[in-house]
Amino acid sequence: MISHEGDLTAIQIAGNRVKTQIDNFWSLLRYDVGVDVCIVLFAGYASCAWKEVLDLSGAFSGFAVMTIHIAVNYRFGAVLLVFFFTSSMFTKFGEDKKQKVDADFKEGGQRNWIQVLYNSGIATLLVLIAWKLVGTQDYCLNSKESGLMTSLIGGIIGHYCCCNGDTWSSELGVLSDEQPRLITTFKPVRRGTNGGVTKAGLLAAAAGGSVIGLTFVILGFVTTNCTFNLALRQLLLIPISALAGLCGSVIDSLLGATLQYSGFCSVRNKVVGKPGPTVKKISGVNVLDNNAVNLVSIVSSDGLSDLCKNLKCKYWLVYTLCSRDDSRTE
């Protein structure tokens, strides 16, 4: 009997050693992956800046924002770079066609510090709050353990889903052969009209949001230590992110159609954003510019969860779907 108990104790000790070695291996793997991700993120940022995607002020401010994101959480840096890289790529895509319809078109689409601030300022603030609360620890989305952190992470993801969805929609929708329709009246309008939407543009918005969610989830499989069921539930973030991207684009279009002036200039033969003697009004009033519209749409999207609980969108949905009891796997 004593020998049998001794054998069981030896097996338990051996099992604990194996478990410790496995845990150490995964910890080392996560560290190695984190270092590699950090190198790739900074290399990607440098590549984009070198290609003159940013002007000097944008490059310095973008570097500061990227450093904060990566220092706090590799995944935050990854979603920022995905937004930055893809939006810049699509801004340059189809420049010849965009130049014909957009009076404010700037070749190369260089971004300055103001645009960097408008597109990443709120998310950076949320990242700093997360750092203040838990440091650099990476979290699975699970409100049962930490509802506040799940909400903060969801807010950061939702921010970039909104930005990326809106950018993809604007930059790709204008290239569609489909006739745009004003989102407030559904009447046909000229390409380049603020608030004009197409099916292709709305699909691009959903795709832009889903790419952000996909990046966060896939990278999280190797940087976090979730139970199996909880890890699977992280996949719910991808369709939620698609919805967030779509919501961001729709809100931006609503603001553009109402608070941003659009008119057709008979001299330049283009849609312009300011009234004039040769300009025939199409829609909106001259209250907000593009940067202000982007900022308001981001803030509105981040607060949309409190206004549309039936839709359960953005980080409120993340908070709800990830709050189920995970005790069955423990």
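Applying the criterion of being open to solvent by 30 Å² or more (accessible area, probe 1.4 Å), in contact with a Ser or Thr (Cβ under 6 Å, 6 or more places away or on another chain) and assigned to a loop (DSSP other than H, G, I, E, B) to the residues of the range 167-202, the residue that is nearest to Ser120 (Cα to Cα) is Asn194. Is at least one residue of the range 169-185 of a type in the set (A, V, I, L, M, F, W, C) and in contact with an Asp or Glu (Cβ under 9 Å, 6 or more places away or on another chain)? Checked against the condition, which is being of a type in the set (A, V, I, L, M, F, W, C) and in contact with an Asp or Glu (Cβ under 9 Å, 6 or more places away or on another chain), the range 169-185 yields at least one hit. Looking at Gly284, Gly245, Gly263 in this structure, which one is of a type outside the set (Phe, Trp, Tyr), in contact with a Cys (Cβ under 6 Å, 6 or more places away or on another chain) and buried (at least 17 other Cβ atoms within 10 Å of the Cβ)? Answer to the selection: Gly245. Counting only helices (runs of 4 or more DSSP H) that sit completely within the range 37-125, those holding 3 or more residues that are at pLDDT 85 or above and open to solvent by less than 80 Å² (accessible area, probe 1.4 Å) correspond to 56-72, 74-92. Among Val250, Val287, Val272, which is the only one that is on the phi < 0 side of the Ramachandran plot and touching a Gly at 6+ places or on another chain (Cβ under 8 Å)? Only one candidate passes the filter, namely Val272. For the range 140-153, the criterion of being touching a Lys or Arg at 6+ places or on another chain (Cβ under 8 Å), among the hydrophobic types (A, V, I, L, M, F, W, C) and closer than 14 Å to Val217 by Cβ is met by at least one residue. When Asn164 is tested against the conditions (1) under 19 Å from Ile251 (Cα atoms); (2) in a loop (DSSP other than H, G, I, E, B); (3) open to solvent by less than 40 Å² (accessible area, probe 1.4 Å), the lone failure is (2).
The values are calculated or read from the model by the stated rules, or taken from the named source; none is laboratory data. Remember, it's a predicted structure, so these values are computed and weren't measured experimentally. Methodologically, a virtual Cβ is constructed for each residue, glycine included, from the backbone with ideal geometry; neighbour enumeration extends over all protein chains shown. With ligands, DNA and RNA removed, areas are computed over all heavy atoms of the protein, side chains included. Shrake-Rupley method; radii C 1.70, N 1.55, O 1.52, S 1.80 Å.
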